[in-house]
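Down below is the structure, laid out as structure tokens.
The values are calculated or read from the model by the stated rules, or taken from the named source; none is laboratory data. All of these numbers come straight from a predicted model, not from anything done at the bench. No Cβ is skipped: glycine too gets one built from the backbone with ideal geometry, and neighbour counts run over all protein chains shown.
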Amino acid sequence: MTNAYEQTMINIKPSPEEARSIRKRYSFIALMMLLHMAIYNIVPRVILLIAGLANGAEGGYTEIMKAGSQFAGEHDAIFTPLRVAVILLSEMIPVLIGCKCLKIDLKRLFGISEFSARDLGTSVAFGLGTQAAASVITTVIVIAYTIIAGEPMEQPISTSMSSPFGTVIYWTYACILGPVCEEIFMRGFLLSALKKYGDMFAAVFSGILFGLFHENLYQASYAIPMGIFLAVVALKTKSIVPTIYMHIVCNTTNMVMVQWMMSKLGTNDTSKIMEIVMSGDTGYMAPLVVNLLWRACFIAVFIAMTVVMFGREGKWRIGRATPAGKERTWKLMLTSFFLPVLMFLVGIIIYDLFI
């Protein structure tokens, strides 16, 4: 006869059949991630390859791609909207397929009944604070890389194209369309799919994926903490509306700050900003000081609000996973198809950093 302790253990640990079912769920989610990466990475390269061949480029793959990239840069009024469309499709196609297969009701995540205007303001302020705190980590990484490698880290952030129309499209994507679609993809589909067995697991893992999906260390270093915080807000408010607002505000303010510094320094290459700053050129002082004061202010906000909102009685505090939840999260996820997907994402970042 089974005693109470043994019965509890049976309930906590999934049966072999349940474990297979959970791994199958994680593998399907990973497959949707892989679909996103395939569209995001392969389709633009095919477009550039076609552009290079159409313009008579000769030689190997590298030469043709360079010719295609040059042609795209000269005609960004056409290629920027095309690139944006591909990115949006890479996010929306997996969302539509994934939500249908996992029976996730995205419409419910756009509800506003679970939070107030005050919650929205708190979320935005806290989001800016989280971004400011994360930027400290990013700055340390950039400086360390610059010292070790002897050259500035490439920063994949642009604020202008060669044509006014291309610039407008890019800013519209970076400040509005990108945040909206990323929130639907990451905090809508992905977070909803992962939270079945624990909110803490879903918040942390979706935040890690959010950072890795940027496919470069510079953006991943601040996207991971931002992703975790955005996930917490979505879980506590039961809506992605606050996270959309936060994402829009954070992206827009960051774009404005970068554009101001680039204009003041007379460069269109963001990777040169750190190099100019470290050279001691006083021309950067005004935007740099404002940027530092802006981030210092919101770091103070971040510290204060973390204590209040995530303290023992904090409104956004997420409880620890139950023993049953622990048995159904990290261990089963890492023994599913998610593991090679994660390894692939990390490999892309390493390749981007050293190659």
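Could you tell me which of the residues Ile93, Ile148 is part of a helix (DSSP H, G or I), farther than 19 Å from Thr253 by Cβ, of a type in the set (Val, Ile, Thr) and within 22 Å of the chain's Cα centre (by Cα)?
Working: Ile148 fails: within 22 Å of the chain's Cα centre (by Cα).
Being part of a helix (DSSP H, G or I), farther than 19 Å from Thr253 by Cβ, of a type in the set (Val, Ile, Thr) and within 22 Å of the chain's Cα centre (by Cα) holds for just one of Ile93, Ile148, which is Ile93.
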Exercise. Filter segment 172-197 down to residues that are within 19 Å of Lys107 (Cβ to Cβ) and among the small types (Gly, Ala, Ser) and give me whichever is surrounded by the most Cβ atoms within 10 Å (Cβ to Cβ).
Key: Gly188
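Among the residues that make up segment 106-115, is at least one of them buried (at least 19 other Cβ atoms within 10 Å of the Cβ) and not hydroxyl-bearing (Ser, Thr, Tyr)? Quick ask: steps written out before the conclusion?
Filtering segment 106-115 for residues buried (at least 19 other Cβ atoms within 10 Å of the Cβ) gives 109.
Checking the rest, the ones that are also not hydroxyl-bearing (Ser, Thr, Tyr) come to 109.
Yes, the conditions are met somewhere in segment 106-115.
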Practice problem: Could you check Phe310 against (1) surrounded by fewer than 14 Cβ atoms within 10 Å (Cβ to Cβ); (2) closer than 30 Å to Met200 by Cβ; (3) under 24 Å from the mean Cα position of the chain (by Cα); (4) at pLDDT below 85 and say which number it fails? | Solution: (1)
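So is Asn11 assigned to a helix (DSSP H, G or I), modelled with pLDDT under 90 and among the polar types (S, T, N, Q) or not?
On the way: assigned to a helix (DSSP H, G or I): yes; modelled with pLDDT under 90: yes; among the polar types (S, T, N, Q): yes.
Spelling it out, Asn11 is indeed assigned to a helix (DSSP H, G or I), modelled with pLDDT under 90 and among the polar types (S, T, N, Q).
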Quiz prompt | Residue ID - farthest from the chain's Cα centre (by Cα), chosen from residues in segment 42-78 that are within 20 Å of Met92 (Cα to Cα) and in contact (Cβ under 8 Å) with a residue 12 or more places away in the chain | solution = Ile47
Practice problem: Name every residue in segment 295-325 that is over 27 Å from Thr253 (Cα atoms) and outside any loop (DSSP other than H, G, I, E, B), in order of residue number. | Solution: Pro323, Ala324, Gly325
Exercise. Those residues that are at negative phi and either polar (S, T, N, Q) or exposed (fewer than 11 other Cβ atoms within 10 Å of the Cβ) (or both), I need them from segment 95-105; list them, please.
Key: Lys100, Asp105
Quiz item: Taking only pairs six or more apart or across chains, which ones have beta-carbon atoms under 8 Å, a first residue in segment 330-355 that is of a type in the set (Asp, Glu), and a second residue that is assigned to a helix (DSSP H, G or I)?
Solution: Asp352/Leu217
Self-check item: Evaluation of Ser90 against (1) surrounded by 15 or more Cβ atoms within 10 Å (Cβ to Cβ); (2) at positive phi; (3) small (Gly, Ala, Ser) (one fails), failing number
Solution: (2)
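Could you grab me the full set of residues in segment 326-355 that are in a helix (DSSP H, G or I), of a type in the set (Val, Ile, Thr) and surrounded by 14 or more Cβ atoms within 10 Å (Cβ to Cβ)? Write out each step before concluding.
Start the filter on segment 326-355 by keeping residues that are in a helix (DSSP H, G or I), which leaves 326, 330-333, 338-354.
Keeping just the survivors that are of a type in the set (Val, Ile, Thr) gives 341, 346, 348-350.
Selection gives Val341, Ile348, Ile349.
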Quiz item: With Lys103, Lys24, Lys13 as the choices, which residue is within 24 Å of Ala202 (Cα to Cα) and in contact with an Asp or Glu (Cβ under 6 Å, 6 or more places away or on another chain)?
Solution: Lys13
Quiz item: If a residue has to be of a type outside the set (A, V, I, L, M) and more than 18 Å from the chain's Cα centre (by Cα) to count, how many in segment 329-355 make the cut?
Solution: 9
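Based on this model, can you work out whether Trp316 counts as in contact with a Phe, Trp or Tyr (Cβ under 7 Å, 6 or more places away or on another chain) and at pLDDT below 90?
Details: in contact with a Phe, Trp or Tyr (Cβ under 7 Å, 6 or more places away or on another chain): yes; at pLDDT below 90: yes.
In short, yes.
Could you identify the single residue in Ile147, Ile97 that is β-branched (Val, Ile, Thr) and closer than 30 Å to Ala324 by Cα?
Ile97
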